[in-house]
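The structure appears right after this line, and notes come after that.
Each reported figure results from applying straightforward, stated rules to the coordinates on display, with no laboratory input. These numbers were taken from a predicted model, which means no experiment stands behind them.
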Amino acid sequence: MADIDRLRQTLDYIKANPQNWDQSAWAALVTPTTRDADGDLVVCPFPDEGNGQQTICGTAYCFAGHVTLNAGYRPIFNKEQAEIVGGQARTTAWQARNNFGEVVAIDHFAREWLDLTDEQARYLFHGQNTLEVLEHMVDNLGRGDYVNEGLFFDEMDDRWVTEPPEAEVCDCCGQEL
């Protein structure tokens, strides 16, 4: 059975800190870039590069990422994979490490930590979920309902919604497609 206390704790943290929430990535980091004396682009230090930082401004996590972070793990960002756009470097992480050096896949760890089934985790961790949908799913799990009870999947937008998506209508005849 899902660990409702941990689910609610994670949701409450996200609601209180929406600036650190990005459901589209397990962990995402946006950091400034600078130029060295030769004019070469230099990406500012990432967490865990020996600079003593564990988190820095510009770091955001999805629901599963927040679970992993709150359990004492820190994302493993790869500076070499950073995309440089407009003077900033953006990269994501799918693994995290704890203080003992144990490395885990963020989604697998969060599923186990929350005691979710594969299906529950797949729905809850979907990258297009809104805060409203996450609240609905956590409430469902708290009542012992199916995680997606009362939700609808909008195939056009590839996301869960709380209201049924509008049916497509043929421009010629007006019939639902």
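In the elastic network of the chain, a GNM with C-alpha springs shorter than 10 Å, the most mobile of 159, 74, 111 is 159.
Would you mind telling me which residue in 135, 155, 166 has the biggest mean-square fluctuation in a Gaussian network model of the chain, where springs connect alpha carbons within a distance under 10 angstrom? Result for the chain, Cα springs under 10 Å: 166 fluctuates most. Using only Cα atoms, locate the centre of the stretch 1-29 and the centre of the stretch 74-97, then give the distance between them in Å, rounded to an integer. Computed from Cα coordinates, the inter-centre distance equals 20 Å. Labels on offer are (i) 9, 38, 37, 14, 1; (ii) 7, 15, 17, 18, 14, 11, 9, 6, 3, 1, 0; (iii) 9, 32, 29, 18, 9, 3, 0, and the one holding P(r) over Cα pairs in 10 Å bins from 0, in percent computed from this structure is (iii).
Taking every DSSP beta bridge that has both ends in the chain, the antiparallel portion is near 95%.
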